[in-house]
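The structure appears right after this line, and notes come after that.
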Amino acid sequence: MAALDLSQPATWPGELREVLHELRPVFRSWELDLADRAAPAFDAAIRTLGEALMPHAMRGYHFTRLTEEEAGHIRENGLEVLSPGLLERRIAAQVTRGKLAEDHAQRLLANNQVRDSNRSGKAWFCFYPAHEAQEYGVRSLLGHWGGEALYNFNAEDPKLGPVLKSLGSPALVEAVVPVAFLSTTNGLARAVARLDLIHQGVRSSEYQDKFEDYSTQALEASMVRRVVLHPGSEFLELTQCQQWYEPLT
């Protein structure tokens with residue numbers, strides 16, 4: 001499946017650009033607060049653009065921390081959304097490999113956010129070049145194994161915190177995410193409309209939106225383009241983390 005590069009509007013398919021051309025006056029009026037600015041027209045345009053985006057997919061980046069075995073599993077089997085079962089399997093695998101003590105495993109299983117509504121059933125992506133991610137926004141994801149579901153409650157624990165930092169390596173999953181896998185197209189349609197206005201010189205690029213969202217469905221292996229680990233050359237090239245204030249470990 002071909003993927004939209006949201007950072008390159010000129011490369012978007014012709015049919016999508018035609019829809020944007022027709023809707024652009026509505027988005028322009030809304031953005032510039034012109035006299036004909038109208039919420040019903042804007043909402044209808046967003047719905048129309050969302051429908052036009054549905055058949056497409058986007059290139060996205062998922063920041064995480066993985067072991068070599070986990071990276072290989074994603075390459076071969078795809079990327080799952082967060083679930084209690086996934087977390088339990090990951091923890092059990094580290095116990096089996098002798099990387100995680102049983103008592104630590106039980107504490108992690110008892111103290112996490114895997115069932116929180118803003119995490120469960122989701123796999124988060126940034127849909128812009130990975131090097132544009134803010135260091136402060138992704139450092140904890142790259143620095144702690146298990147993601148926010150584990151480190152939010154356990155990073156400051158004197159025993160569990162160092163364990164989460166010691167497992168795996170900083171990782172980046174590049175994938176093609178179908179728009180149909182998003183929970184709604186409204187956010188994407190708004191971002192695309194704004195990016196189009198920037199491309200047309202209507203809106204200042206100084207305020208360019210960086211679109212982030214989550215997939216509600218697991219991505220098949222064919223949708224995963226690559227899984228790269230720090231300190232490999234591909235990871236360094238994609239993230240440009242060597243320019244960060246604090247080195248990754």
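Descriptive notes on the structure:
- Contacts under 6 angstrom Cβ, first residue in the range 222-247 being within 17 Å of His62 (Cβ to Cβ) and part of a helix (DSSP H, G or I), partner of a type outside the set (A, V, I, L, M) and open to solvent by 50 Å² or more (accessible area, probe 1.4 Å), 6 or more apart: Thr239/His131
- Top-ranked residue in the range 101-119 [being surrounded by 16 or more Cβ atoms within 10 Å (Cβ to Cβ) and at pLDDT 95 or above; ranked as nearest to Glu174 (Cα to Cα)]: Val114
- Qualifying residue in the range 120-131 (condition: within 15 Å of the chain's Cα centre (by Cα), open to solvent by 20 Å² or more (accessible area, probe 1.4 Å), among the basic types (Lys, Arg) and at pLDDT below 95): no
- In the range 109-163, the residues that are touching a residue at least 24 places away in the same chain (Cβ under 8 Å) and either among the small types (Gly, Ala, Ser) or touching a Cys at 6+ places or on another chain (Cβ under 7 Å) (or both): Ser120, Gly121, Ala123, Ala130, Ala133, Gly143, Gly146, Gly147, Ala149
- The range 36-87 - residue that is among the aliphatic types (A, V, I, L, M) and over 24 Å from Leu182 (Cβ atoms) and, of those, least open to solvent (accessible area, probe 1.4 Å): Ala71
- Evaluated against (1) part of a helix (DSSP H, G or I); (2) in contact with an Asp or Glu (Cβ under 9 Å, 6 or more places away or on another chain), Asp43 falls short on exactly one condition, (2).
The values are calculated or read from the model by the stated rules, or taken from the named source; none is laboratory data. Note that this is a predicted model, so its numbers are computed, not measured. In this analysis, Cβ positions are derived from the backbone assuming ideal geometry, glycine residues included, and neighbour counts consider all displayed protein chains. Surface areas here come from the heavy atoms of the whole protein model, side chains and all, with no ligands, DNA or RNA. Shrake-Rupley method; radii C 1.70, N 1.55, O 1.52, S 1.80 Å.
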